[in-house]
Amino acid sequence: MTQPSPIVALHGLRLTRGDRTILSDVELRVAPGEIVAVLGPSGCGKSTLLAALTGELPPAAGTVEVLGQPMPSGGRALLELRRRIGVLLQGNGLLTDLSVAENVALPLRTHTDLPDVLIRRLVDMKLHAVGLRAAADAYPRELSGGMARRVALARALALDPPLMIYDEPLTGLDPIASGVVMSLVRRLNDTLGLTSIVVTHHVHETLPIADRALVIANGGIVFAGTPAELERSDDAFVQQFLRGAPDGPIAFDAAPRAAGAVA
Ligand SMILES: Nc1ncnc2c1ncn2[C@@H]1O[C@H](COP(=O)(O)OP(=O)(O)OP(=O)(O)O)[C@@H](O)[C@H]1O
Ligand SMILES: [Mg+2]
């Protein structure tokens with residue numbers, strides 16, 4: 001049986017910030033329809049990996065292919081590829097003086113010249129998909145944290161991207177809202193035929209909806225496998241990370257934010 005062509009293919013990838021190598025020798029293939037959880041301690045390079053997937057950070061070595069094409073280095077080709085990647089960042093980035101519906105409409109107004117009546121219909125569908133049709137006329141300040149995250153999710157879906165990237169989608173949410181958002185991630189992935197990459201340190205909330213998990217530590221991928229394999233892993237890095245233990249092979253101070261701050 002032939003494998004479907006991957007949605008993401010990273011080969012021999014090295015990512016640097018300034019002259020510091022953040023990740024090296026990254027190999028990854030994400031198949032259509034998969035949800036891949038990217039786990040790892042703070043500062044290990046999760047967001048840096050995402051920056052490579054959106055073409056924001058060009059690789060220092062190796063190759064990045066997304067949605068069947070090599071990552072363009074810039075220009076129109078890069079902008080077009082980015083339109084096909086839905087990104088939900090940690091801050092919701094909702095515009096406070098626009099209603100919920102207007103926030104979701106924004107990418108459609110910016111990137112298409114669809115007539116207003118159609119835009120409104122599409123916005124209605126996206127809000128329906130996240131269970132917030134009734135909130136269309138509300139303003140972001142009137143929403144709970146979980147609702148605001150779902151509006152941001154509807155907006156990320158506005159242009160029907162085949163690939164969704166989530167960076168810490170649960171930050172600041174209580175356990176109930178976290179459960180709602182995570183099950184929504186799975187449901188949208190499956191009903192809309194998406195592929196999703198979810199960066200998080202919320203291991204226990206994320207593993208149940210993930211097909212595969214990666215653990216990043218000490219400059220590379222230290223584990224790749226199913227959530228069940230992750231739970232069973234006797235790898236010391238993985239165990240330390242899952243248990244949240246301060247002592248172990250993941251150095252507590254492995255990646256200080258301000259390089260050189262510790263003399
Ligand atoms: N724009 C940047 N310029 C320089 N260094 C950066 C930049 N962004 C990140 N870094 C450094 O790269 C390393 C990895 O950062 P990254 O943000 O990818 O970590 P992370 O795994 O997403 O962490 P967190 O869980 O806290 O979000 C950190 O040491 C960070 O200081
Ligand atoms: Mg991050």
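The values are calculated or read from the model by the stated rules, or taken from the named source; none is laboratory data. As the structure is a computational prediction, the values presented were derived from the model and not from experiment. Using ideal geometry, Cβ is built from the backbone for each residue, glycine included, and neighbour counts are taken over all protein chains shown.
The condition of being closer than 29 Å to Val8 by Cβ and either within 16 Å of ligand 1 (Cβ to nearest atom) or part of a loop (DSSP other than H, G, I, E, B) (or both) holds for only one of Asp137, Asp160, that being Asp160. Residues considered: Ala134, Ala154. Of these, the only one that is under 29 Å from Leu67 (Cβ atoms), of a type in the set (A, V, I, L, M) and outside the structural domain of Thr191 (by TED's automatic domain parsing) is Ala154. If you go through segment 182-216 and pick out every residue that is within 16 Å of ligand 2 (Cβ to nearest atom) and either hydrophobic (A, V, I, L, M, F, W, C) or not in a helix (DSSP H, G or I) (or both), you end up with 10. Screening segment 223-263 for residues that are surrounded by 15 or more Cβ atoms within 10 Å (Cβ to Cβ) and within 13 Å of ligand 1 (Cβ to nearest atom) and picking the one that is modelled with the highest pLDDT gives Phe241. Screening the candidates Gly179, Gly146 for the property of being under 21 Å from Gly33 (Cα atoms) and either part of a strand (DSSP E or B) or at pLDDT below 95 (or both) yields one hit, Gly179.
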